[in-house]
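The values are calculated or read from the model by the stated rules, or taken from the named source; none is laboratory data. Predicted, not measured: the structure shown is a model, and the values here were computed from it. Cβ sites come from the backbone with ideal geometry, for glycine too, and all protein chains shown count toward neighbours. Keep in mind that these areas ignore ligands, DNA and RNA; they rest on the heavy atoms of the full protein, side chains included. Shrake-Rupley method; radii C 1.70, N 1.55, O 1.52, S 1.80 Å.
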Amino acid sequence: SLLRYGGDIAVGAMTILASVMQFCMLPLQGLTQGAQPIIGFNFGANQRDRVKEAFRLLLACCMVFAGLILFISIFASDPQLADFTRWAIRIYMAVSLLHGIQISCQQTFIALGNAKTSVFLALLRKVILLIPLIYILPYFLADKVFAVFLAEPVADFIA
């Protein structure tokens with residue numbers, strides 16, 4: 001969709017955004033997967049206060065990491081691409097803080113033995129919401145490139 005509506009610059013910007021997202025979100029994966037045994041053990045030991053405390057700490061850490069936005073100049077040397085990417089990142093990662101909440105909840109459900117809810121949350125965000133929004137939003141907005149980039153925060157917000 002980005003190639004169709006925005007050309008090579010839009011595709012290049014999306015490549016950079018994917019790298020930025022990975023760079024920001026990989027620590028979240030480590031935090032949440034590291035918290036799983038702690039939450040799971042305390043849940044199994046019927047230590048509900050410790051489960052809540054661990055989840056609150058995990059949630060706070062994930063929200064801080066998810067709120068980080070990196071400088072585009074790390075990834076782009078072409079000034080036109082860097083400018084376009086600076087514009088796109090404001091849209092694409094507008095609600096990245098909410099992604100921190102979602103991933104915390106997703107991994108906590110796994111730790112509590114409720115993998116079905118975790119899988120549903122993951123599928124909801126990327127498959128049920130994001131992919132259709134990438135195709136639907138350009139029909140309703142005049143700026144088609146903006147619409148494609150907007151699909152990510154809309155999916156994150158709804159999920």
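Observations
- Cα-based reach from Lys126 at 16 Å (exclusive), listing aspartates and glutamates while leaving out same-chain residues under 8 positions away: Glu152, Asp156
- For the chain, the extents of the C-alpha atoms along the principal axes are 55, 32, 16 Å, listed from largest to smallest.
- The chain - mean residue ellipticity at 222 nm from DSSP helices (-39,500 (n - 2.57) per run, n ≥ 4, rounded to 500): -27000 deg cm²/dmol
- Relative contact order for region 1-70: 36 percent, from Cα pairs under 8 Å spaced at least 6 residues apart, divided by residue count.
- Whole-angstrom gap from region 1-43 to region 92-138, using each part's C-alpha centre: 11 Å
- Surface analysis of region 107-159 yields an accessible area of 55 Å² per residue, using protein heavy atoms and a 1.4 Å probe.
- This model, with +1 at the C-beta of Lys and Arg and -1 at the C-beta of Asp and Glu, gives the chain a dipole about its Cα centre of some 460 debye.
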